[in-house]
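Student: Starting off with a structure, shown below.
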Amino acid sequence: MLRMSFMEHLEELRNRIIKALYGLALAFIFALVFAGKLWDIISDPAVDALKTLHVTPPRLVMTTPMESFSIIWVELPLLCSVFLASPWIVYQVWAFIAPGLYKKEKRLALPFVLLTAGLFITGGLFAYFLAFRYGLTFLLGIGMNNNVQPMVTITEYFDLFVNVMLGVALVFELPVVIFLLTLLRLLSPRFLLRHSRYAVLAIVIVAAIITPTPDVFNLMLFAVPMCGLYFIGVFAGLMLVMRREGRRLPWRMIVAVTLITILAVAGIVTAMLHFHLHFIRQWPYITR
């Protein structure tokens, strides 16, 4: 392992931050070229929600002359550049912590970068296609029964969009955070499994806070993937610990459990298709 002084660590950190900013700047220029088309994509959930609520015309509004410019041509490309440059930024993070790792652990660089950036982007897609759309329709329709007409400015809309996108994308980094803490020996899979009930409770509370609607369907839409991400992180940490200790994972049992789970899900889907059942957002949540 390399030994570096405190000042050398600061110098290395500065170099990695500068390189990450270079990548972010290039991604910003690329996103700036397509800013108009990107805004059409990002404003689509608002248009769909307003159409669903029968608001005419289904458009966002601006209240200041500079509002469209600052949102569409500055803040929007910056948000997109964060997602585009995420693999490069994650690589710089890995390169900063790599000198303190063993040689075998440094080989995890490529999987770490791909998995971290992939989860971040997947979280953004999950927020865009599911979380944000359901929540926005609910929020815009709350006051319509009390003679309230939705008239959303692009600034307020984009602020909410950024909060949801980045919030959910960061939540999807839970397995990576658990893996890193295990890699740095700050947590252990045994401790996480022993206290998993508290983790699940915390996840449900966080999902209830994030979910803007009061129904169980949207709560589970957040909570189930988050719980799955938590246990994926624990499993990844377990693999790391067993590899350090020279032990092998019980792959036969893992493969058997995975196959049983896949068969169970396939059986449920097949039964629903056979009996023409589908999910709904109210009780009993399954109907014909």
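The values are calculated or read from the model by the stated rules, or taken from the named source; none is laboratory data. Quick caveat, the model's predicted, so the values are computed rather than measured. For neighbour counting, all protein chains shown are included, and Cβ atoms are generated from backbone atoms with ideal geometry for every residue, glycine included.
Student: Inside the range 1-102, counting only helices (runs of 4 or more DSSP H) that do not spill past its ends, which hold 3 or more residues that are without any contact (Cβ under 8 Å) to a residue 60 or more places away in the chain and more than 24 Å from THR153 (Cα to Cα)?
Tutor: The qualifying helices (runs of 4 or more DSSP H) are 6-33, 86-97.
Student: Something else about it: Just to be sure before I move on: is SER81 crowded, with 16+ Cβ neighbours inside 10 Å, touching a Leu at 6+ places or on another chain (Cβ under 6 Å) and closer than 26 Å to PHE129 by Cβ in the structure I sent?
Tutor: So SER81 passes the test.
Student: Filtering the range 24-51 down to residues that are surrounded by 14 or more Cβ atoms within 10 Å (Cβ to Cβ), of a type in the set (Gly, Ala, Ser) and out of contact with any Ser or Thr (no Cβ under 9 Å at 6 or more places or on another chain), which residue is farthest from LEU79 (Cα to Cα)?
Tutor: The qualifying residue farthest from LEU79 (Cα to Cα) is ALA46.
Student: Got a sec? Which of PHE217, PHE235, PHE222, PHE231 is surrounded by 10 or more Cβ atoms within 10 Å (Cβ to Cβ), at pLDDT 80 or above and closer than 30 Å to LEU140 by Cα?
Tutor: PHE222
Student: Can I ask one more? Are there any pairs with C-beta distances below 6 angstrom linking a residue in the range 180-207 that is in contact (Cβ under 8 Å) with a residue 12 or more places away in the chain to a residue that is of a type in the set (Ser, Thr, Tyr) and surrounded by 14 or more Cβ atoms within 10 Å (Cβ to Cβ), with the two at least 6 apart or on different chains, and if so which?
Tutor: Partner pairs satisfying both residue conditions: ALA199/TYR230.
Student: Take the residues in the range 121-149 that are free of Cβ contacts under 8 Å to residues at least 12 places away in the same chain and in a helix (DSSP H, G or I); name whichever of them is surrounded by the most Cβ atoms within 10 Å (Cβ to Cβ).
Tutor: Here the residue is LEU125.
Student: Can I ask one more? If you go through the range 105-120 one residue at a time, how many are assigned to a helix (DSSP H, G or I) and free of Cβ contacts under 8 Å to residues at least 12 places away in the same chain?
Tutor: 4
Student: Of the residues in the range 127-182, how many are among the hydrophobic types (A, V, I, L, M, F, W, C) and farther than 27 Å from MET239 by Cα?
Tutor: 22
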